[in-house]
Amino acid sequence: MGDVEVSERRRIEGSFSSFKIIPINDDDDTLHSEGTDFSPVDDDVVVDEKKDTDVVKEIDSLLPITESIKGNAYTAAFHLLSSGIGTPALVLPFALTSLGWSWGIVVLTVIFAWRLYTMWLLVHLHETVNGTRYSRYLQLAIIAFGEKLGKCLSIFPTMYLSGGTCVMSIIAGGRTLQLFYNAMCENDHHCLHKSLSGAQWFLVFVCLAILIAQFFPNLNSLAWVSFVGSILGVTYFTMIWALSIAKGRPNGVTYNPSDNVTTTMAQFRAVLNGVAIVAIAFRGHNLVLEIQGTLPTNPKHPTKTRMWRGVIASYSLIAMCVFPLAIGGYWAYGNMMPANGIMGAIAKYHQESTPKWLIGTIYMMVVIQCLCSFQIYAMPVFDNLERIYVSRHLKACPRWVRSCIKLFFGGLTYFISVAFPFLGSLAAFVGGIALPLSLVYPCFMWISIKKPQRNSLMYWLNMFLGCLGILISVVQVAGALWNLVIDKLDANFFNP
């Protein structure tokens, strides 16, 4: 348990070291009190540690993630669902074009169950027996692996999965806004000619996102935003796969993975790419501890019970969205599925036969859901930036400071999205680097913190999954680099 165990050990040693054994004289049975000292010798250490703990708690109470701990299982479920469902999952049917029916469903099921299991590990590692809570992924990594190794392993993945997801939300949301405008214009060339540029659509999206962020000072206050994002996410996922099935299959649909490739090596690359798409389709592990940090706790009712109920509810809905979309989308389009996923397939095969209002509604739902997920993924970044101010002044950030932080982050993410609009092409590569945060680290954290017996099931299960996760991560990164070299990256810098 790291610092917690050291603190507890010092407290106990300090309590007992205050007393010394009084020698007894065998001759006259009199007590010799010479050298006896009943004053605590470690009082200063205990007081200093108590002050440090109080300062840490005071700082945590002023930061966005842990400022309000009035959440419940419902708000946790909304946060998890809003952050866990998103546009990356819309590419899942394309993954099945290289994996096929059997292996595609097997890989999808295994990855889903694996992520649910590591979610269970994180939920049970959030709070210790003595009430210490780790409401940030980095804190738990430091406790499990030590300060240097914990920071080395977790800083980049958490930064990418927070800030990087916000950038991808800008790219997806901005492009979907453009698609919405084009769908409303239909074949009106005068209307289409007035369309904004890609960078301008990105700017519209990020302005809306930062404007919304100004009204929500902490993570718990985003409950209604996450509720809206959850409802819209489930709705448009259901509408997309239902529409694909209702429209029927285009002529020439096949399901043989070998139809799309000509060589064995090309097929192997396609399989690696398919596994990578499935692995990065599910998200949200970097926010689990933060979301659990919004729940109140007491010795009789620890947070893990309510949090796990929220996880089960949210992941049940995610499964109800993702599995039908992947299977139904692959059934509808088979090997004719374009690389940009099921949204591209609908636009390619059913754009003209689908009512304009229906297409526009789906596009607008995607935009709003991206705006909602932007808020929750940006919160850890706001938390880290506000920590700098709070640690120096030991008081909450004024409203104008928070506004400046959010404006700065919005400007930074907008610049990155415009400068690197091809980041989606690098998702498999960068996602492979960040994949251990979801599949590997929780397993080794459990071994390091809980210390199960070497011959126990939990020890070998977590050891096996951790090592397998490392192997998958390495293979995914290598496969992504291989695909980038073969297919060549279209690096359209500053040209969204």
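Observations
- Odd one out for ALA480, checked against (1) open to solvent by less than 60 Å² (accessible area, probe 1.4 Å); (2) in a loop (DSSP other than H, G, I, E, B): (2)
- Checking each residue in region 123-165 for being aliphatic (A, V, I, L, M) and under 16 Å from the mean Cα position of the chain (by Cα) picks out VAL123, LEU138, LEU140, ALA141, LEU153, ILE155, MET159, LEU161.
- Some residue of region 462-471 being at positive phi and either assigned to a loop (DSSP other than H, G, I, E, B) or under 18 Å from the mean Cα position of the chain (by Cα) (or both): no
- Residue match in region 233-241 (condition: touching a residue at least 12 places away in the same chain (Cβ under 8 Å), closer than 25 Å to VAL381 by Cβ and either open to solvent by 30 Å² or more (accessible area, probe 1.4 Å) or not charged (D, E, K, R) (or both)): yes
- Selection over region 296-312 of residues that are closer than 18 Å to LEU80 by Cβ, open to solvent by 70 Å² or more (accessible area, probe 1.4 Å) and touching a residue at least 60 places away in the same chain (Cβ under 8 Å) gives a count of 2.
- For the residues ILE171, ILE143, the requirement of being in contact with a Pro (Cβ under 7 Å, 6 or more places away or on another chain) and touching a residue at least 24 places away in the same chain (Cβ under 8 Å) singles out ILE171.
- Restricted to helices (runs of 4 or more DSSP H) entirely inside region 30-149, those with at least 1 residues that are at pLDDT below 90 and exposed (fewer than 12 other Cβ atoms within 10 Å of the Cβ) are 43-60.
- Check on ALA270, surrounded by fewer than 22 Cβ atoms within 10 Å (Cβ to Cβ) and either under 28 Å from the mean Cα position of the chain (by Cα) or over 22 Å from LEU81 (Cα atoms) (or both): yes
- Single condition TYR349 does not satisfy, out of (1) open to solvent by 60 Å² or more (accessible area, probe 1.4 Å); (2) free of Cβ contacts under 8 Å to residues at least 24 places away in the same chain; (3) touching a Pro at 6+ places or on another chain (Cβ under 6 Å): (2)
- ILE277, sole failed condition from (1) open to solvent by less than 60 Å² (accessible area, probe 1.4 Å); (2) free of Cβ contacts under 8 Å to residues at least 12 places away in the same chain; (3) within 25 Å of the chain's Cα centre (by Cα): (2)
- Set ALA491, ALA434: member being closer than 18 Å to LEU122 by Cβ and either at pLDDT below 95 or open to solvent by 50 Å² or more (accessible area, probe 1.4 Å) (or both): ALA434
- Of all residues in region 128-140, those being out of contact with any Phe, Trp or Tyr (no Cβ under 6 Å at 6 or more places or on another chain) and within 18 Å of LEU63 (Cβ to Cβ) number 8.
- Residues satisfying the stated conditions in region 361-397, i.e. open to solvent by 60 Å² or more (accessible area, probe 1.4 Å) and not in a helix (DSSP H, G or I): LEU394, LYS395
- Failed item, numbered, when CYS404 is tested on (1) surrounded by fewer than 19 Cβ atoms within 10 Å (Cβ to Cβ); (2) under 19 Å from the mean Cα position of the chain (by Cα): (2)
- The criterion of at least 2 residues that are over 26 Å from SER98 (Cβ atoms) and polar (S, T, N, Q) is met by the following helices (runs of 4 or more DSSP H) wholly inside region 229-340: 303-333.
- Considered as a group, the residues in region 429-457 that are part of a loop (DSSP other than H, G, I, E, B) and of a type in the set (Lys, Arg) include one that is nearest to ALA144 (Cα to Cα), and that residue is LYS451.
- Residue match in region 250-265 (condition: under 22 Å from the mean Cα position of the chain (by Cα) and either touching a residue at least 24 places away in the same chain (Cβ under 8 Å) or open to solvent by 70 Å² or more (accessible area, probe 1.4 Å) (or both)): no
The values are calculated or read from the model by the stated rules, or taken from the named source; none is laboratory data. This is a predicted model, so every value here is computed, not measured. So basically every Cβ, Gly included, is an ideal-geometry build from the backbone, and we count neighbours across all protein chains shown. These accessible areas exclude ligands, DNA and RNA; they are computed on the full protein's heavy atoms, side chains included. Shrake-Rupley method; radii C 1.70, N 1.55, O 1.52, S 1.80 Å.
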